[in-house]
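The values are calculated or read from the model by the stated rules, or taken from the named source; none is laboratory data. Because the structure is predicted, anything quoted here is derived from the model rather than measured. Note that we place each Cβ from the backbone using ideal geometry, even for glycine, and neighbour counts take in every protein chain shown.
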Ligand code: SF4
């Protein structure tokens, strides 16, 4: 796994999550034994481990899997992932979400609801 894009301060961007993604990521956080997110000392994703690996790899958001990061194999052309994005947006609506939100706020709120 290449984690350059997980260093938000350096990368200059943060992934955004729909509610379904946030709830799934929160499950990953809980599964790792944590109840809340702690800021990363380097301004990186709070889910990036000290070993440089994603601590919720199996639960990571869609953007981390596809088009968020060129180093990780993206940007995927939108037409290749449009169907998946629409499905996530439809799920967000069904769950009562309010659209995509920055990772830290989205996952923290999802953890608070668990
Ligand atoms: S959730 Fe994981 S893969 Fe995505 S930015 Fe955070 S550490 Fe990186």
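In the stretch 7-27, how many are more than 18 Å from residue 100 (Cβ to Cβ) and either within 9 Å of the ligand (Cβ to nearest atom) or assigned to a loop (DSSP other than H, G, I, E, B) (or both)?
The qualifying residues number 1.
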So, in the stretch 4-15, how many residues would count as being surrounded by 18 or more Cβ atoms within 10 Å (Cβ to Cβ) and out of contact with any helix residue (DSSP H, G or I) (no Cβ under 7 Å at 6 or more places or on another chain)?
2
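What helices (runs of 4 or more DSSP H), lying completely within the stretch 29-114, carry at least 3 residues that are away from the ligand (no atom under 15 Å from the Cβ) and either surrounded by fewer than 16 Cβ atoms within 10 Å (Cβ to Cβ) or modelled with pLDDT under 95 (or both)?
Details: elements: 62-65, 78-94, 103-113.
Counting at least 3 such residues, we get 78-94, 103-113.
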